[in-house]
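Data first, discussion second: the structure below is written as structure tokens.
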Amino acid sequence: FKALDSWAKALYDPNLCIMCERCVTTCKDNVGENNLKATKADLHAPDKFKDSMSKDAFSVWSRKQKGIISFVGSVPCYDCGECIAVCPVGALSYKDFAYTANAWELKKIHSTCSHCSAGCLISYDVRHFDTLGEESKIFRVLNDFYHNPICGAGRFAFDVSSSPKGSANLKEAQNALKECEAVRIGGDITNEEAFLIERLRKKLDFKIYNQEAYHFQQFLKVLGEIKRPSIEEIKTSNLVVTIGSSIKTENPLVRYAINNALKLNKASLIAMHPIKDNALVNLCRSSFCITHEVGAEEILLGMLLKMLNIESVALKSLEDSKQSIVDEAALKALEEERKKALEQAEQGCSIGENKEEDKTEAATPKEENQEENKTEVKEEKIEVPTKTTYLLLEEAGINLETYEKILALLQKSNNTLLVVGEEIYSHKQAHNIAKMLRLLAQKSAIKPILIPPSANALGIASICKLSEEVFEHEKIVGIRAKGDFTINSDDRVFGKDAVSGVDFILPSLNQLEGTITNIEGRVLPLKPALRFEGYDLSDIMQGFGFVEENLTECTHKLPTEAGFKAIEFDHLTNYFTNDRVNHRGYLLGTSHFENSAKEHEKTECEPIKPLKEKIAFNAYLKYPETQFNNATHKSENLQLKAGVYVSKAFLKKLNKEVGQNITLTKEEEELTGVLYLDESLDQEVFVISPSLLTNHSNFFREGVFDSVDLKEQA
């Protein structure tokens, strides 16, 4: 008997294992880790069986006895479970699901994951939980691993939903909307909810706030309509360049696709970010991580334009910073050649002098000739070789060696993809960066892919007219976000009381029908896995004269000028075929962003602004790998929690332990969170989860990088 083993959320029974090694392959080629390996079991096949068993049966039995899947990772594995999905015999299973329900009793409900902008296809396994069959429970979430791996949030953060009874104070919610000056919306509201809110804005003339989606919308207005590469196109690229993005946390599916390209297509990765991520470094030998200065993204994009010989006014300041430096390697090679030539000349003289038969006949001419050659070698002037470098790039953290390596990879690749992360949209020079990116897309073969900052940021930006939140004292209603009057899910973990205090309860995204728009610009359907008997946003809107009785009556009414199609919700499909064709929802058409971009195109790009001074930071605003929003934050299934993450060396320097509370201060404001370890981090930096901040916090006012102080505990 082989002993059971477990890692992360997986339970491994080696007695059921057929050693197909699917789990090993998917861990390496899909997820980008090397945590699993087929190792030798501490067992043996008795020799006496050789005589009583047939040869084939004995060899298979011997291999099964000797082989076992082991966790060999150097760092712990958290919240993954892709190895569970690929196991064909149930040797790997979800440990919290074991012995809780019979698989044949579970009803499968195909839906879309709403935690990040990937919008992965998932299947809820649901069954009644009480004797009357009224209370249902999601027991597990599955995915079709042939087409679409999912992250830990999609697989395990299914335990959070809204209280099924909902709220009865419909009039109170309607009055709050009548009296408010602004509505703050969450980044995960559905397209239908965004449509209703925008229609109400036109009627009541309030402002709509969502800071992340606002920056994204402004960026799209300048960038315009560019072809959105699919996830499959990432897998077939030769070179992937990332800028302004922490790929590991922003969009796991993009990270998986990049890993596919590296492992299966022999591609290269250039990841440019102020914080080095060892998880990306360890993906492959061809992963090249560049740590640059904060705010240098505009300069880096200018560098790419320069390398691709794209002319632009933006490059004027880059050209002005051009300088020549001595090419040390070439100079050393020339000196070695000169030295070798001198040695050969001297050797030639020596040989000539030793030849006795030539001394009497041609001594004088020979000596003169050798002396002339020697003099020529000595007097030959060496032209000092030089290289061109740019001071602007040096200040941004790109030295000549790095520049040449990036240039070589760009010239070598015939299928390059540029991943633009959410930190670009809130950049101080975002307007100019968008213009430069449009130029790059128009005049080169590089395909840009934009990572939306939240699950439905692309849908929200396409439908709503957003305003910038200036943190004035206003009466604000929050819809799937915090406000003076909050209309949101109350985040109830199954079998427990709700943990979020809200004024009006909305169904969570696993309790309603609607659509979201993912990173590919694909409109995808959400299906309810759990019952909800209360009111939703369409019921609130009926108090303002709107006739829709449920959200799905808005699906075919979504604005066509934003690229949506007049397709009813019930006609939306959500599946892949065996030939890998995607039949999920539909792709957005041409939107109004292109008209706006053409207006902005009439004015030239501005010259790239040099970095006035280096921005020192010791704090970075980012969720850990499987945390995205309130639902994941409240989930009890996830192992990675929201908090303050530090590197192993920094943890030791702080003289603290994992699990302790830590308090950081800025301008007399305090922020307290639980301390956790990030194994992929090297720098002395606090990685702070956004859920720890308040709406009007002094932390991270200028961006996702900041300097904070550590409050000493009494």
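The table that follows gives values for the structure above.
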quantity: Flag for R584 being basic (K, R), touching a residue at least 60 places away in the same chain (Cβ under 8 Å) and surrounded by 13 or more Cβ atoms within 10 Å (Cβ to Cβ); calculated: yes
quantity: Residue check for L458: touching a Pro at 6+ places or on another chain (Cβ under 9 Å), farther than 26 Å from L315 by Cβ and of a type outside the set (V, I, T); calculated: yes
quantity: Residue in region 253-262 that is of a type outside the set (A, V, I, L, M), in contact with a Cys (Cβ under 9 Å, 6 or more places away or on another chain) and not in a helix (DSSP H, G or I) present; calculated: no
quantity: Residue in region 211-219 that is small (G, A, S) and at pLDDT below 95 present; calculated: no
quantity: Candidate set: region 504-531, residues that are at pLDDT 95 or above and more than 22 Å from C116 (Cβ to Cβ); chosen: the one surrounded by the fewest Cβ atoms within 10 Å (Cβ to Cβ); calculated: F504
quantity: Selection from region 462-482 of residues that are surrounded by fewer than 22 Cβ atoms within 10 Å (Cβ to Cβ), of a type outside the set (S, T, Y) and under 27 Å from N518 (Cα atoms); calculated: K465, E468, E469, A481, K482
quantity: Answer residue from region 483-499, given it is in a loop (DSSP other than H, G, I, E, B), of a type outside the set (D, E, K, R) and out of contact with any helix residue (DSSP H, G or I) (no Cβ under 7 Å at 6 or more places or on another chain) and is surrounded by the most Cβ atoms within 10 Å (Cβ to Cβ) among those; calculated: S489
quantity: Test: residue in region 113-128 that is of a type in the set (V, I, T), surrounded by fewer than 20 Cβ atoms within 10 Å (Cβ to Cβ), within 29 Å of N148 (Cα to Cα) and at pLDDT 70 or above; calculated: no
quantity: Which listed residue is crowded, with 18+ Cβ neighbours inside 10 Å and acidic (D, E), from E625, E604; calculated: E625
quantity: Complete set of residues in region 455-482 that are in contact with a helix residue (DSSP H, G or I) (Cβ under 6 Å, 6 or more places away or on another chain) and not in a helix (DSSP H, G or I); calculated: C464, L466, E468, E469, V477
quantity: Hits in region 140-153 - residues which are assigned to a strand (DSSP E or B) and surrounded by 21 or more Cβ atoms within 10 Å (Cβ to Cβ); calculated: R140, V141
quantity: Helices (runs of 4 or more DSSP H) wholly inside region 273-336 containing at least 1 residues that are under 30 Å from Y78 (Cα atoms) and either of a type in the set (S, T, N, Q) or modelled with pLDDT under 95 (or both); calculated: 278-281
quantity: Among the candidates A257, A271, A296, residue that is touching a residue at least 40 places away in the same chain (Cβ under 8 Å) and either within 17 Å of N34 (Cβ to Cβ) or assigned by TED's automatic domain parsing to the domain that holds N415 (or both); calculated: A296
quantity: In region 74-109, residue modelled with the lowest pLDDT [restricted to those that are within 24 Å of P528 (Cα to Cα) and among the β-branched types (V, I, T)]; calculated: T100
quantity: Number of positions in region 154-176 that are under 35 Å from the mean Cα position of the chain (by Cα), hydrophobic (A, V, I, L, M, F, W, C) and not in a strand (DSSP E or B); calculated: 3
quantity: Residues of region 601-634 satisfying the condition of being in a helix (DSSP H, G or I) and touching a His at 6+ places or on another chain (Cβ under 8 Å); calculated: A631, T632
quantity: Residues that are among the β-branched types (V, I, T) and buried (at least 16 other Cβ atoms within 10 Å of the Cβ), drawn from region 63-109; calculated: I68, I69, I84, V86, I109
quantity: Evaluation of L675 against (1) of a type in the set (A, V, I, L, M); (2) assigned to a loop (DSSP other than H, G, I, E, B); (3) under 25 Å from the mean Cα position of the chain (by Cα) (one fails), failing number; calculated: (2)
quantity: Top-ranked residue in region 635-651 [being in a loop (DSSP other than H, G, I, E, B) and of a type in the set (D, E, K, R); ranked as surrounded by the fewest Cβ atoms within 10 Å (Cβ to Cβ)]; calculated: E636
quantity: Residue selected from region 81-118 under the condition in a strand (DSSP E or B) and not small (G, A, S), by the criterion nearest to I247 (Cα to Cα); calculated: T112
quantity: Test: residue in region 204-213 that is surrounded by fewer than 22 Cβ atoms within 10 Å (Cβ to Cβ), touching a Phe, Trp or Tyr at 6+ places or on another chain (Cβ under 8 Å) and under 28 Å from D277 (Cα atoms); calculated: yes
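The values are calculated or read from the model by the stated rules, or taken from the named source; none is laboratory data. Computed from a predicted structure; not experimentally measured. With ideal geometry, Cβ positions are generated from the backbone for all residues, glycine too; neighbour counts draw on all protein chains shown.
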